[in-house]
Amino acid sequence: RTPPLPGARSAAMAARACLLLLVVARGALVRPGGQSAHWGARQAQRTAWGARMAIAASAQSGSVLSLVDTSGDDVRFQLAGEEEIPRLELWVGDELFADDVDVVRFDSKERRFSIDGTIDDEEDGESYEVDGEFQVAEAERNMVAATLALLVARAGVAWEGEVPLPLPPKLEAKLVSDELKASRPGVVLLWAHLLDVFGGDEGAALAAALKNTAIIFPYLNRPTNIAGSWAVLQEMLGSREEALEVVTKNPGILACNPDGLKTSNKAAVQTMAAVVDTVETVKWW
């Protein structure tokens, strides 16, 4: 047996002692002695929108990210501990695989996330290194990366590889104060959701963000407002095309509370969008 690491959470992580090794290629947890157990029960295939809504909901509190990877396994990152700087845990199914994530690596092209961390063995009281990786669907890449980057920033975990999602220079220029610069991970997450609404069309999403910057500032908006309001609009208006026309004219509607938006109606929403669009094209100064 490989010698244990010195200390419960050694920063050096000098010894390469693996009590557990995550092997995502097989979707299995490999234990000493060659025994393996699958990463929890596989769920029925979720729709792409349903999965993204779940990610948006998990990002609401800023302390957890829940997703289903391309192998169909439940993966959850969550902040833990009562310290000022929390730990970042990784769960797969109902099993804790890393109680202290140290490094997250991101490969955008492959949609792959790799982690290094440690886990405490309750039997011998020692701490061991773990590492692993998982892959997400193309449609979920931006939001998963942006949400995980937010948790990583809060936990002081190292992020390596590619940036989660680049901000367009015109949005980067809006982060003028120290407070806004500090909120950048939240801005990136809201930008990811806005991109999703516009089907990845960066030009259209940028135009909307510049028309109403409130939708990408964390102190004025939240992920579930964008995802929820977009879902309500599509149901209310009957098609993605009509909903897209409304948010193009009135991007601020994506900062609405979805429950409140449900109490409105199609005519009112379309009229307000037309009014906002007309007013904002008139020079009043």
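Bear in mind these aren't lab numbers, they're just calculated from the coordinates by the rules spelled out. Because the structure is a prediction, the values reported are computed rather than measured. Neighbour counts run over all protein chains shown; Cβ positions are idealised from the backbone, glycine included.
Output ³J(HN,Hα) for the range 155-165: one whole-Hz value per residue in order, computed from phi by the Karplus curve 6.51 cos²θ - 1.76 cosθ + 1.60 with θ = phi - 60°, and x for Gly and Pro.
Working through the residues one at a time gives 8, x, 7, 6, 10, 10, x, 7, 5, x, 6 Hz.
Projected onto the charge dipole of the range 123-190 (+1 at Lys/Arg Cβ, -1 at Asp/Glu Cβ, origin at the Cα centre), which of Ala173, Ala139, Val152 gives the Cα projection farthest towards the positive end?
The one lying farthest along the dipole's positive direction is Ala173.
Given R₀ = 30 Å, what would the calculated FRET efficiency be for Asn265 paired with Leu220, taking r from the Cβ atoms and rounding to 0.05? Walk me through the numbers on the way to the answer.
Working: r = 25 Å, r/R0 = 0.84.
Computed FRET efficiency for Asn265 and Leu220: 0.75.
How about the range 185-247: which chymotrypsin sites (Phe, Trp or Tyr not before Pro) there lie in a loop by DSSP and see at most 13 other Cβ atoms within 10 Å?
Working: sites: Trp191, Phe198, Tyr219, Trp230; in loops: Phe198, Tyr219.
Of the chymotrypsin sites (Phe, Trp or Tyr not before Pro), the ones in loops of the range 185-247 whose Cβ has at most 13 other Cβ atoms within 10 Å are Tyr219.
List the trypsin sites (Lys or Arg not before Pro) in the range 102-142 that DSSP assigns to loop (not H, G, I, E or B) and whose Cβ has at most 15 other Cβ atoms within 10 Å. Which are they? Please list the in-between numbers first.
Details: sites: Arg105, Lys109, Arg111, Arg112, Arg141; in loops: Lys109, Arg111.
Counting only loop positions with at most 15 other Cβ atoms within 10 Å, the trypsin sites (Lys or Arg not before Pro) in the range 102-142 are Lys109.
Can you tell me the length gained on complete extension of the stretch Lys170 to Glu110, counting 0.36 nm per residue apart and subtracting the Cα distance?
Numbers: separation 60, 0.36 × 60 = 21.60 nm, distance 2.75 nm.
Gain in length upon complete extension: 18.8 nm.
Which ³J(HN,Hα) values, rounded to whole Hz and listed in residue order, are derived for the range 174-191 from phi using the Karplus coefficients 6.51, -1.76 and 1.60 in 6.51 cos²θ - 1.76 cosθ + 1.60 with θ = phi - 60°, glycine and proline given as x?
Couplings: 6, 7, 8, 8, 4, 5, 5, 5, 5, 8, 3, x, x, 4, 4, 5, 5, 4 Hz.
Once amide H atoms are placed 1.01 Å from N in the peptide plane, what residues at a sequence separation of 5 or more from Val130, or on another chain, have their amide H within under 5 Å of its amide H?
Amide H neighbours of Val130: Gly117, Thr118, Ile119.
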